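Single-structure report; data block below.
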2 protein chains.
Amino acid sequence: MHRAVAELVSAQEDTLTLPVVAARAGVHPTTLYRRWGSVAELLADVATSRFSGDVVVPDTGSLRADLERWAASVATDVADPEVLALMRAAIGAGEVGACACRGDREEQLAAMLERERVRSGRAPTVERAVDVLLGPIYFRAVLTDRPGTPEWARGLVTLLLPE
Amino acid sequence: MHRAVAELVSAQEDTLTLPVVAARAGVHPTTLYRRWGSVAELLADVATSRFSGDVVVPDTGSLRADLERWAASVATDVADPEVLALMRAAIGAGEVGACACRGDREEQLAAMLERERVRSGRAPTVERAVDVLLGPIYFRAVLTDRPGTPEWARGLVTLLLPE
């Protein structure tokens, strides 16, 4: 089912409905209605699983190096045209689908920051890290036609940890 | 036509098609197909006009004060549920609709920064200003269920202009 949604979304079929997904996946529409209720819920489900656990949390011993690697990975991931098509479709389905596009990335940031707090006794807040790292990375990917490069994403870390 | 789209979008009707918009606006679908060709193009058109010229560019004599006012206005605007519904629908329509949600906000930032360059000989780049101001503001509005407050948006300016 997830593959059927991904294929339809990246083919830019303009009206994604449960019967269309069912036809692509070769199942009866009733099966989909019973499990998801609406395309919005199905898209949110696909986005949640796509954006959770997809990026490995680095552990280099240095917060700066961890964040640089992680930001570059997230930027690379969201610049992929299929991933981008899925994100835009999920956002178009409404708030639940839009929130699903963050997956577990805030938790990943929190884990790196908490490790630093244990190590050195201080670290930026998760809120600030989300603002300066995820904010620009998602903005460029979703709202422009030129997603950020990994090098650019790495450079965002100096906003959080001035050199 | 723009009002018909806005109403349908904020009512969260799940399949926005040109015939549906035509029925709401009381015109023949052919008229819409002739002018816009697709719902994606219509949504991009509505978003472009909605996000251009909607925020006044402040001119207080201080770049910091200008940016703080402007960031607070943009954050307030995108936190509006109807504006948010329009943005998510336009993003869901694809790249053209998504880009339209930036409207003329990058040009507005460029105008404030250029004024400062003339005044003091130095100013941050537009690119950096987009990353640290528009990035987090749009991220919180579009991708979370808690859009940023005006106070929070004002605070983002210290990322660009450390105190």
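The values are calculated or read from the model by the stated rules, or taken from the named source; none is laboratory data. Only a predicted model underlies this, so the values are computations on that prediction, with no experimental measurement involved. Cβ sites come from the backbone with ideal geometry, for glycine too, and all protein chains shown count toward neighbours.
Remarks
- Qualifying residue in segment A:57-75 (condition: in contact (Cβ under 8 Å) with a residue 40 or more places away in the chain, among the β-branched types (V, I, T), on the phi < 0 side of the Ramachandran plot and not in a helix (DSSP H, G or I)): yes
- Candidates are the residues of segment B:80-94 that are more than 9 Å from every other protein chain (Cβ to nearest Cβ) and part of a helix (DSSP H, G or I); the one that is surrounded by the fewest Cβ atoms within 10 Å (Cβ to Cβ) is B:P81.
- Candidates B:R117, B:R35, B:R69, B:R64, filtered to the one that is among the basic types (K, R), farther than 20 Å from A:L143 by Cβ and in contact with a Pro (Cβ under 9 Å, 6 or more places away or on another chain): B:R69
- Residue in segment B:40-52 that is within 14 Å of chain A (Cβ to nearest Cβ) and more than 24 Å from B:E106 (Cβ to Cβ) present: no
- Every residue from segment A:137-163 that is under 13 Å from A:V74 (Cα atoms), within 12 Å of chain B (Cβ to nearest Cβ) and basic (K, R): A:R140
Condition check ((1) small (G, A, S); (2) modelled with pLDDT under 95; (3) under 14 Å from the mean Cα position of the chain (by Cα)) across all residues:
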residue	(1), (2), (3)
A:S49	yes, yes, yes
A:D54	no, yes, yes
A:A71	yes, no, yes
A:A89	yes, yes, yes
A:L109	no, no, yes
A:V118	no, no, no
A:P124	no, no, no
A:A129	yes, no, no
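- Matching option when the condition is under 13 Å from the mean Cα position of the chain (by Cα), in contact (Cβ under 8 Å) with a residue 40 or more places away in the chain and part of a helix (DSSP H, G or I), among A:A44, A:A6, A:A40: A:A44
- A:L134 being buried (at least 20 other Cβ atoms within 10 Å of the Cβ) and more than 8 Å from every other protein chain (Cβ to nearest Cβ): no
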